[in-house]
Amino acid sequence: MNKVHLIANYLPQFHVIPENSRWWGEGYTDWVGVRQAEPQYPGQHQPRVPLHENYYSLDDPAVLKWQADLARKYGVYGFGMYHYWFSSELQLLQKPAELLLAHPEIDIHFMFIWDNTSWTRTWVQKGAANDWAPKFDEQPASPQESGMLAELRYGTEADWKKHFDYLLPFFRDERYIKLDGKPMFAFFQPNNDFPLQQKMVAYWEKLAVEAGLPGLICLSKDNAHNKRFAYQMRYSPFSPNNFWGGVKNKLSHLWAKRRQKIRFADYDAQWRSILADARHADARTFLSGFVAFDDTPRRGGEQESFVVTRRRSSSITCANCSRFHGSKARNTLLSRLGMSGARAHTWSRMSGAGMLGSKRCGRPLRRRTRTKPLLRGQMV
């Protein structure tokens, strides 16, 4: 069987910060949405209660160590931590990553996924922005209220260098995920001024070499607009990577909006598509697929909500261990199909941390052909 590397898609929103308390109410974290969730349709598994009702806080090093131990126990290689750098003056939710860096005894690999976009209120009509918690939003107090919560400003090369200098200690950490010794860093929003992102990446690659690193590998979230770095990561089924997939996704969104209904995707159909895609992906593409997804706790029953579910009864439950087993089983299926060549990621969302996995998959191998290793170089 091919060796599998699983990387947990890690959301750091599960600790209190002043900004979230100011915007959404005192003490707000995503646990508020988890606790208050209600079924939006018959048979929906809501609310989802974490194992042993452990509503942990990610500003506690002991919690990170517990998560790292749990991850390793179930074969998870590392965490892909969301990174929220809005400008040289504003960064949010960085505490868990900084705690991880400050505690080398926490034995887990990690990397950053930069969600390079602005945060706004739900009612703001701005394309390259994220309405963070629509279920808990309120209408503007006055017409003059802008609705901008945290604005992304890339700035100049001086700002890019400040950002890189912040990242450098993480890149140098022996636990940071690397390929051929080069740190891996993902951009989540390629449509948000991609030409500028390309200039920033070229500058960062230069700075990385000057800092003594062999280079830097930046990944773009794959998309239907051909805005890609040399390496990409899929984000199935939420980010189509071709024209017709984009059309289908747009029509699905418009149909749900017209009917004012939740958007659904069939779990098994999505995975058939993911496995078919894996056979044709190149060696610089990291495939993805959520084991389970339901964002109604954050968005309620409105048409922006998205649920990936099985039409028939599923053995996958909310407990942490079963989520991990589900992801491992799906990667086992990839291996049994005899796929090797392109790297793949298997993503899912959990309370506080999600799951993302990586292995080599791609074109089918002939019988008795020796499989290739996970990565061409060392992954540390």
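The values are calculated or read from the model by the stated rules, or taken from the named source; none is laboratory data. Values in this document were obtained by computation on a predicted structure and should not be read as measured data. All Cβ positions, glycine included, derive from the backbone under ideal geometry; neighbour counts span all protein chains shown.
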Scan of the range 1-56 for residues that are assigned to a helix (DSSP H, G or I) and closer than 30 Å to LEU287 by Cα, ordered by number
ASP30, TRP31, GLY33, VAL34, LEU51
Only one of ASP115, ASP69, ASP107 that is surrounded by 15 or more Cβ atoms within 10 Å (Cβ to Cβ) and among the acidic types (Asp, Glu):
ASP115
Would you confirm whether any residue within the range 187-199 is within 22 Å of TYR231 (Cα to Cα), buried (at least 18 other Cβ atoms within 10 Å of the Cβ) and modelled with pLDDT of 95 or more?
no
Looking at (1) in a strand (DSSP E or B); (2) modelled with pLDDT of 95 or more; (3) of a type in the set (A, V, I, L, M), which is the one condition that is false for LEU149?
(2)
Restricting to the range 208-226, name every residue that is in a loop (DSSP other than H, G, I, E, B) and at pLDDT 95 or above.
ALA211, GLY212, LEU213, PRO214, GLY215, LEU216
Evaluation of VAL63 against (1) surrounded by 15 or more Cβ atoms within 10 Å (Cβ to Cβ); (2) without any contact (Cβ under 8 Å) to a residue 12 or more places away in the chain; (3) within 23 Å of PHE171 (Cβ to Cβ) (one fails), failing number
(3)
